[in-house]
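Worksheet for the structure shown next.
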Amino acid sequence: MTITRWIPRSSLINYHNEIDHLLNSVYGTETDSKNECSICPIVDIEELDKSYSLHIELPGVGKKDVNINVKENILTIDGEKKSEKNSKSDKYHRYERVFGKFRRTFRLPDLVDKDQIEAGFSDGVLTITIPKLEEALPKQIEVKIK
């Protein structure tokens, strides 16, 4: 009988990658590279009255190592978390941190103002604000009773 070591985090990352691959293939945002991302940042997407807000966790990534692009209604966030081995010793007992390149793509709704997208980076969290176009905002119409 062979004993296999189970690494919960690794299993979850593989599961997350499979779900991303499935959704991207269905919605047409799949890229050519199957192994484009060794780490997959966690993203929260929030819809506000006048905008959408994405919060992407990027601990250990510098803002100079992140690129944000919009092309044909596809928002792409890519970059690299670089290894920062400060020790000259090769005698690590555990090394669980993951380093490498990442890429996340999102299809934007049609009624957003792509020219006014803003991004901020603080405490390892990248926040992207995508404003809605004026015609997408809810309008209140007063109905007069006779």
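Throughout, read-outs are computed from the coordinates displayed, never taken from laboratory work. Source: prediction; values computed, not measured. As a convention, Cβ positions derive from the backbone with ideal geometry for all residues, glycine included, and neighbour counts pool all protein chains shown.
Tabulated data
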read-out	value
Residue count for region 107-146, restricted to those that are among the small types (Gly, Ala, Ser) and touching a residue at least 24 places away in the same chain (Cβ under 8 Å)	3
Hits in region 87-126 - residues which are acidic (Asp, Glu) and within 20 Å of Lys63 (Cα to Cα)	Glu118, Asp123
Matching entry among Leu133, Leu126 (being in contact with an Asp or Glu (Cβ under 6 Å, 6 or more places away or on another chain) and closer than 24 Å to Glu72 by Cα)	Leu133
Matching residues, region 98-119, being closer than 13 Å to Thr76 by Cα and touching a Phe, Trp or Tyr at 6+ places or on another chain (Cβ under 9 Å)	Arg107, Leu108
Boolean, Lys144 is outside any helix (DSSP H, G or I) and closer than 24 Å to Glu57 by Cβ	no
Ile145, sole failed condition from (1) closer than 29 Å to Ile19 by Cα; (2) surrounded by fewer than 10 Cβ atoms within 10 Å (Cβ to Cβ); (3) hydrophobic (A, V, I, L, M, F, W, C)	(1)
